[in-house]
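Step one of this worksheet: look at the structure below.
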Amino acid sequence: MSQLHALVIYVSDSHAEAVLTAIGDAGAGRLGDYSHCSFTSPGTGRFTPLPGARPYIGIVGAPEAVSETRVECIVEDDVLDAVVQGLRRAHPYEEPAFMSWPVNGHR
C-alpha cells in the first residue's frame, strides 16, 4: 500500500475545472473504484505581486483579491510528483499556491 497525501490547491475559479481534470488524470483522487475524487470550496485569494513578478491577474505593487476555488484531494505517494506537474501545467498562476502532507488512510 502506498502512503497517502492530502493535497490542497488554490486556483482562480476560471481554471478550477482544468486543474481538477489535470490532477485527476495524473492520478489524484483515486479512492477504491473511483477516480477524480475531490472536494472544492469557494474563497478569496489575496496577494501583492512584487517587482520581477509576471502576474496572471493584477499588477506589480498593487494588492489584488481574486475569487478562487480551494481543491482538496487524496494522492498516493507514487503519483504525487506527476500530480504536482499536472497542476503546474494547468494552473494559470506564475507561482501556484498548494500544499501536501502525509495522512493516514484505509486502502
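The values are calculated or read from the model by the stated rules, or taken from the named source; none is laboratory data. The model shown is predicted, which means the values in this text are computed figures rather than measured ones. Backbone-built Cβ (ideal geometry, glycine too); neighbour counts: all protein chains shown.
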Counting just the residues of segment 29-79 that are without any contact (Cβ under 8 Å) to a residue 12 or more places away in the chain and farther than 30 Å from residue 103 by Cα, which one comes out surrounded by the most Cβ atoms within 10 Å (Cβ to Cβ)? 58
Kindly establish whether residue 24 is farther than 12 Å from residue 8 by Cβ and small (Gly, Ala, Ser). yes
Members of segment 21-46 found to be of a type in the set (Phe, Trp, Tyr) and within 17 Å of the chain's Cα centre (by Cα), listed by number: 39
From 35, 14, 41, residue being polar (S, T, N, Q), within 17 Å of residue 92 (Cβ to Cβ) and at pLDDT 95 or above: 14
